[in-house]
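Novice: One structure, pasted below without further comment.
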Amino acid sequence: MRKGHEYIGWREAETWRCMRCGYCCKAFAIPLKFIEALELTRRYGPVAMQIGEKYYLVKRNDGSCIFLRYNGPIAYCQIYLERPGCCRLYPFHITKKPLKGEGVKNAKIKINGTTLYLYVDATCPGVGVGYPIKNIIYKIVELWEKYKKYP
Ligand code: SF4
Ligand code: SF4
């Protein structure tokens, strides 16, 4: 399990909707694929940092992502259409093997004959409200498949 995340199976969560709270843009490091770091740096200047062999979005002193803005209480992303894959996938997390300690039955999905495990980060305030996750499973898997191909 990644530090700070509390993954539960999607069946346990049942529903989700983004509440535009901005929590995820403050609480976690934002990993970038190499191609994302390259492209965002080309467009916006020094917005990515390298730690070892990994790349991350630069954060402000208060821990928030440099692209996070607020309109009153509503958080929005300044680069919404170009946001990194990990931001598009959050609060969902897909694995090929079940996470230790998590209910396998609640996470298992079968897509085109392949078994995967779909988790949701229960620290996201949008988990448990909103719309049925079962209706967007294909979209989440599609995004994950696209993102994992990035160098
Ligand atoms: S923490 Fe959840 S509800 Fe809040 S902005 Fe992120 S995805 Fe949306
Ligand atoms: S890039 Fe946008 S969505 Fe991703 S952490 Fe920054 S503000 Fe949030």
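Novice: Please work out the FRET efficiency for the pair residue 105 and residue 145, using the Cβ-Cβ distance as r and a Förster radius of 30 Å; give the result to the nearest 0.05.
Specialist: Values: r = 23 Å, r/R0 = 0.78.
My answer for the efficiency is 0.80.
Novice: Compute the helix-to-body angle for 137-148: its Cα long axis versus the longest principal axis of the chain, expressed 0 to 90° and rounded to tens.
Specialist: 50 degrees
Novice: Note down the net charge around residue 116, summing +1 for each Lys or Arg and -1 for each Asp or Glu among other residues with Cβ under 13 Å from its Cβ.
Specialist: Surrounding charge for residue 116 is +3.
Novice: Helix 34-44 versus the longest principal axis of the chain: what angle, 0 to 90°, nearest 10, using Cα atoms?
Specialist: 40 degrees
Novice: Nearest 20 debye, what's the magnitude of the dipole of the chain about its Cα centre given +1 on Lys and Arg Cβ and -1 on Asp and Glu Cβ?
Specialist: Details: 26 positive and 12 negative charges, 49 e Å.
Dipole about the Cα centre, nearest 20: 240 debye.
Novice: Quick one: net charge of residue 42's neighbours, Cβ under 15 Å, K/R +1, D/E -1?
Specialist: Numbers: positive: 33, 43; negative: 36, 39, 82.
Its environment carries a net charge of -1.
Novice: Quick check on my link table: of 97/149; 26/134; 54/108; 59/148; 26/97; 54/149, which ones sit more than 21 Å apart, alpha carbon to alpha carbon?
Specialist: Numbers: 97/149 18 Å; 26/134 27 Å; 54/108 29 Å; 59/148 24 Å; 26/97 28 Å; 54/149 16 Å.
Too far apart for the 21 Å limit: 26/134; 54/108; 59/148; 26/97.
Novice: Okay, moving on. Can you tally the net charge around residue 142? Count Lys and Arg as +1, Asp and Glu as -1, for every other residue whose Cβ sits under 14 Å from the Cβ of residue 142. Working shown, then result.
Specialist: Values: positive: 88, 139, 146, 148, 149; negative: 145.
Here the charged neighbours net out to +4.
Bear in mind that the values in this text are calculations on the coordinates, not laboratory data. All figures in this text were calculated on a predicted structure; none of them were measured in a lab. Note: ideal-geometry Cβ built from the backbone for every residue, glycine included; neighbour counts use all protein chains shown.
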